[in-house]
Amino acid sequence: MKPAQHLLREVFGFDAFRPGQQEIVDAVTDGANVLAIMPTGGGKSLCYQLPALVRDGVTVVISPLIALMRDQVRALTEAGVAAGALTSGNSQEENDAVLRSLHDGALKLLYMAPERLASMGTERLLRNTGVRLIAVDEAHCVSQWGHDFRPDYLRIGALRRALNVPLAAFTATADAETRAEIVEKLFDGEAPTSFLRGFDRPNIHLAFAAKDGPRRQILSYAAARRGRSGIVYCGTRAKTEDIAKALRDDGHIACHYHGGMEADDRRDVERRFQQEDGLIVVATVAFGMGIDKPDIRWVAHADLPKSIEAYYQEIGRAGRDGAPAETLTLFGADDIRLRRNQIDEGLAPPERRFADHARLNALLGLAEAVQCRRRTLLTYFGEEAAPCGNCDLCDQPPETFDGTEAVRKALSAILRTGEYFGSGHLIDILTGNLTDKVRERGHDGLPTFGVGREFDRRGWQAVFRQMMGHDLVRPDPERHGALRMTDPAIPILKGEQSITLRKDTISVSSRRPAIKM
Ligand code: ADP
Ligand code: ZN
């Protein structure tokens, strides 16, 4: 038996590697620089712990989470592995004991919070005690534009150069921009051996629906899953309270959770959720970090998440036990507008905003997808996949139609009115609705006036939402609600490119015979 297999069984007590682990373990053991991207719960720690045992010398593990370091050190010690942590949470005696066994050459794994790197003696200490490998957990903390940025992570690159040892970086954050930043900051831009594995969570059913009375949609979704633990994510604090109450009125056990609550109340909800069966927590994204309930049976989004990564993380809290779990994400044109505005009004520099729009686009592409959602999702994460048979689009392929003509009409209405109006007024023009505003502006004289009578209002709203979803139009950050055409729309406008739209949410107007779809 190879030493890795043997250790896997004897020390860690596992019968086999999880998908992706073996390759990473081999590469790290061989001393390659490695960047491994695995989802939360995928089993990253094994990928540096096991090589640390096979390799000579000490492996230093840099991790931002003190509680997690302590857990790992305890588990390793129990398994008979010499491991210790230097953290601010330690007593002087604990630190002394760790340093002693480090100097004695007994220690195999040394955990360290990034703050330690700022102290002068650390590099010398690590150099003098035979550190042969650096493992970096939560490597995305090096990204200056991420939510978890830890300035001390920027010191890791210098440490790697100073010690001249291989570095293995681990993260669950898969987007290309963060990946590039990790390579630049930790590996000085020299591409490490990269692994991206295990993002599929096949037991989770994926579904999206256009908003159509979202409160009612959530209530009926929960009613069909009565008695099963679930999370409803909402975009605002007020909405969490509102929906939690509506669920209670409907006979569910439900509480709200958001960042504006007292810490004690929040902990209380966390504890109840962990312990009780069938509790529904209606929450903002503040609920999640540290939730480790294996049997969450469903997750619903009452509002569109912030990005495709946020979506993946939030639905990923369902079904950790591997048993079937279900998800539903609601989205509407208002969500898209809100998310775009949040990005545009944020303080991030232009290139960052550009990336954030792209991440939102990826999520919208998923929302408006016309074939297997899981495949679309995994493709974004860089994995290949066949149609999954466990998403709403595999269950029932959506009807589609050639939307080119409709999109061109809408674009023409936008351009002829100077990119100055929101979808409401544009729809009045397209459907020939003679409102005061239309009359005042003289828009009933436009050639586009009334050319879109083949759809009713709802139909056009769905067209506009899908146009936003395909990033053909964007709300103008300078003018409230106004829609502007984007560059990708130009070939469609010129007739050089066609576009397929989903028919399911588009009701055809009764005023005119339906257009051929
Ligand atoms: P991550 O850091 O990727 O979130 P962990 O390293 O904490 O994940 O691992 C998640 C869980 O999976 C842990 O409970 C761990 O013991 C378990 N695990 C890891 N590798 C294996 C394996 N090969 N077989 C069975 N369980 C495993
Ligand atoms: Zn599918």
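Quick look at the values:
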quantity: Residue-by-residue Karplus 3J(HN,Hα) for the range 282-289, coefficients 6.51, -1.76, 1.60, Hz, glycine and proline x; calculated: 9, 9, 7, 5, 4, 8, x, 3
quantity: Centroid-to-centroid separation of the range 303-361 and the range 136-210 [C-alpha atoms, Å]; calculated: 19 Å
quantity: Added length on full extension, which subtracts the Cα-Cα distance from 0.36 nm per residue, ASP71 to ARG9; calculated: 20.3 nm
quantity: Label-to-label distance, nm, for residues given as GLU383 and GLU262 (7 Å Cα→Cβ offset); calculated: 4.3 nm
quantity: Rounded to 10°, Cα long-axis angle of helix 333-345 versus longest principal axis of the chain; calculated: 60 degrees
quantity: Spin-label zone in the range 80-96 - amide nitrogen under 20 Å from a point set 7 Å from the Cα of GLU115 along the C-beta vector; calculated: 84-96
quantity: Cβ-Cβ FRET estimate between ASP321 and ASP444, R0 fixed at 56 Å, reported to 0.05; calculated: 0.40
quantity: Binned Cα-Cα distance frequencies in the chain - 20 Å width, integer %; calculated: 20, 47, 27, 6, 0
quantity: Dipole in debye (nearest 20) - the range 325-416, about Cα centre, beta carbon charges: Lys, Arg +1; Asp, Glu -1; calculated: 380 debye
quantity: Backbone HN-Hα couplings from phi across the range 211-222 [Karplus 6.51/-1.76/1.60, Hz, Gly and Pro as x]; calculated: 5, 8, x, x, 4, 5, 4, 5, 4, 6, 5, 5
quantity: Label point distance in nm, ASP487-THR500, each placed 7 Å from Cα along Cα→Cβ; calculated: 2.6 nm
quantity: Whole-number D in µm² s⁻¹ for the range 73-224, Kirkwood Cα-pair radius fed into Stokes-Einstein, 4 °C, 1.567 mPa s; calculated: 70 µm²/s
quantity: Given charges at beta-carbon only (K, R positive; D, E negative), |dipole| of the chain in Debye; calculated: 940 debye
quantity: Long-range amide H partners of THR500 with built H, under 5 Å; calculated: GLY403
quantity: Karplus-derived HN-Hα couplings along the range 181-194 (A = 6.51, B = -1.76, C = 1.60, θ = phi - 60°), whole Hz, x at Gly and Pro; calculated: 5, 4, 4, 5, 7, 8, 10, 6, x, 8, 4, x, 5, 10
quantity: Efficiency of FRET between ASN341 and GLU78 - r from beta-carbon atoms, R0 60 angstrom, step 0.05; calculated: 0.75
quantity: Computed [θ] at 222 nm, deg cm²/dmol, the chain (DSSP H ≥ 4; -39,500 (n - 2.57); rounded to nearest 500); calculated: -12000 deg cm²/dmol
quantity: Three-way shape call for the range 1-114 based on the alpha-carbon gyration tensor, with the a/c threshold at 1.5; calculated: prolate
quantity: Long-range lysine pairs (8 or more apart or interchain), the chain, Cα under 27 Å; calculated: 27
quantity: Furthest towards positive pole of dipole, LEU493, ALA135, ALA85, structure part the chain, Cβ charges; calculated: LEU493
quantity: The range 448-497 versus the range 410-432: alpha-carbon centroid distance in Å; calculated: 8 Å
quantity: Amide H partners (placed H, <5 Å) of HIS301, local residues excluded; calculated: TYR233, LEU328, THR329, LEU330
quantity: Highest to lowest packing among 418-429, 490-501, scored as the average C-beta count within 10 Å; calculated: 418-429, 490-501
quantity: Between helix 457-469 and the chain: long-axis angle, C-alpha atoms, 0 to 90°, nearest 10; calculated: 40 degrees
quantity: Difference of contour (0.36 nm per residue) and Cα-Cα distance, ILE253 to ASP212; calculated: 12.3 nm
quantity: Pairwise FRET efficiency - ALA348 versus ALA106, Cβ, R0 = 51 Å, nearest 0.05; calculated: 0.60
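Throughout, read-outs are computed from the coordinates displayed, never taken from laboratory work. Keep in mind that what you see is a predicted model, and the values were worked out from it rather than measured. Cβ sites come from the backbone with ideal geometry, for glycine too, and all protein chains shown count toward neighbours.
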